[in-house]
Amino acid sequence: MSTHKNPYAGRLGEFSGIAFDAAAASERKGVWREFFRGSMERGPERLVFEVGCSNAGFLASIAEANPDAAFVGIDWKFKVLFKGAKRVHGMGLKNVALLRGKAQEISRIFGEDELDEVWVFFPDPWAKKPQLKHRLIQEAFLLDCARVLKPGGRVFIKTDHPGYFQWMLALWGAPRPVLPAYDGPVPTERGMRAKQMLVRKPMDEDQLPNASAAVCARFEIVRQSIDYASLSAAELGTLFGGRDTLFEKGFREQKLPIYFLEVICTAKRSR
Ligand SMILES: C[S@@+](CC[C@H](N)C(=O)[O-])C[C@H]1O[C@@H](n2cnc3c(N)ncnc32)[C@H](O)[C@@H]1O
């Protein structure tokens, strides 16, 4: 029985075949394909990990349309994950598992070369200076991604935050992106746009991380864009193209910029 205070912690057990605690998921490390083979007609052709899957609305719709691929979503929040598990169960999907935990655990959850793709869509921006250390996209996490991705595996990232986008590119030592102007007045009415305007700030040069030789040795940038909304599904050639996440819908409606980064794992270890 769960000893966690969150009322949804225990309730995840209602969907014990779908949702797990990330700590318990380490039992499936290296054998996720076998795990899915038990419920899917055949073993998955592709294994995708979605970070911050929230209520799994986005993941479930993609999983339904792609029955030959399997998807593992993770989120830190119990309630949204519970809702996600209920949804996956209700849709009768056999190719989705949900984990309650932190994405930083990735190398305890997956074995070497196990994943084809990692999706990180709208990670928390941790925009204030003392919070920057909490950002998910940093050297340690990317090196863990390289460990668990197959050679040729990819990481896809979307963010609405220009400073986070600059931060990511800085890890590769890429030139600073030319950003849309962010100096407009913050709308006086409360709402998503005003809230976003307060956190969406480009970063000062001295706050950006240094280029990481280890990250550059393992990953190459395939595509970067300051206007993800302009990329068609055909151009992207991914399972998620043409479908918006929950957060993304809001950004599109408000015509806020969405930044995109796609990197490919070219080497498993430092050259
Ligand atoms: C800004 S929301 C984006 C949700 C979804 N990806 C979307 O685009 O609609 C970020 C989500 O990531 C989850 N999250 C934040 N940090 C996390 C971490 N370290 N590991 C797992 N989930 C995390 C939050 O609980 C939240 O559901």
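The values are calculated or read from the model by the stated rules, or taken from the named source; none is laboratory data. Predicted model only: the values in this text are computed from it and were never measured. Every residue, glycine among them, receives a Cβ derived from its backbone with ideal geometry; neighbour counts consider all protein chains shown.
Checked against (1) surrounded by 14 or more Cβ atoms within 10 Å (Cβ to Cβ); (2) more than 16 Å from the ligand (Cβ to nearest atom); (3) over 27 Å from VAL148 (Cα atoms); (4) not β-branched (Val, Ile, Thr), GLN207 passes all but condition (1).
For beta carbons closer than 8 Å, sequence separation of 6+ or different chains, a first residue in the range 39-54 that is more than 25 Å from VAL80 (Cα to Cα) and a second that is buried (at least 23 other Cβ atoms within 10 Å of the Cβ) and among the charged types (D, E, K, R), there are no qualifying pairs.
Of everything listed in (1) closer than 16 Å to ARG154 by Cα; (2) under 15 Å from the mean Cα position of the chain (by Cα); (3) of a type in the set (Gly, Ala, Ser), the single unmet condition for GLY101 is (1). Mind checking whether some residue in the range 198-205 is without any contact (Cβ under 8 Å) to a residue 24 or more places away in the chain and under 18 Å from the mean Cα position of the chain (by Cα)? The answer is no; no qualifying residue exists.
Under the condition of being within 7 Å of the ligand (Cβ to nearest atom) and more than 14 Å from the chain's Cα centre (by Cα), the residues counted in the range 57-81 number 2. Taking every residue in the range 82-110 that is among the basic types (Lys, Arg) and pairing it with any residue that is within 12 Å of the ligand (Cβ to nearest atom) and assigned to a strand (DSSP E or B), at least 6 positions away or on another chain, the pairs with Cβ-Cβ distances below 8 Å are ARG100/ILE74; ARG100/ASP75; LYS102/ILE74.
Just so you know, in the range 210-238 the residues that are in contact (Cβ under 8 Å) with a residue 40 or more places away in the chain and in a loop (DSSP other than H, G, I, E, B) include one that is surrounded by the most Cβ atoms within 10 Å (Cβ to Cβ), and it is SER212. Can you pull out the residues in the range 27-60 that are of a type in the set (Ser, Thr, Tyr) and exposed (fewer than 15 other Cβ atoms within 10 Å of the Cβ)? Selection gives SER39 alone. Give the residue that is nearest to the ligand (Cβ to nearest atom), with candidates limited to residues of the range 41-56 that are at pLDDT 95 or above and more than 22 Å from LEU136 (Cα to Cα). That would be ARG46. Of the residues making up the range 245-261, those that are of a type outside the set (Val, Ile, Thr) and surrounded by 18 or more Cβ atoms within 10 Å (Cβ to Cβ) number 7. Residue count for the range 69-89, restricted to those that are touching a helix residue (DSSP H, G or I) at 6+ places or on another chain (Cβ under 6 Å), of a type outside the set (Phe, Trp, Tyr) and not in a helix (DSSP H, G or I): 4. When GLY184 is tested against the conditions (1) in a loop (DSSP other than H, G, I, E, B); (2) more than 16 Å from PRO257 (Cα to Cα), the lone failure is (2).
Exactly one residue out of GLY163, GLY153 is assigned to a strand (DSSP E or B) and surrounded by 14 or more Cβ atoms within 10 Å (Cβ to Cβ): that is GLY153. Restricting the range 229-271 to residues that are of a type in the set (Phe, Trp, Tyr) and within 25 Å of MET197 (Cα to Cα) leaves a set whose member that is nearest to the ligand (Cβ to nearest atom) is PHE247.
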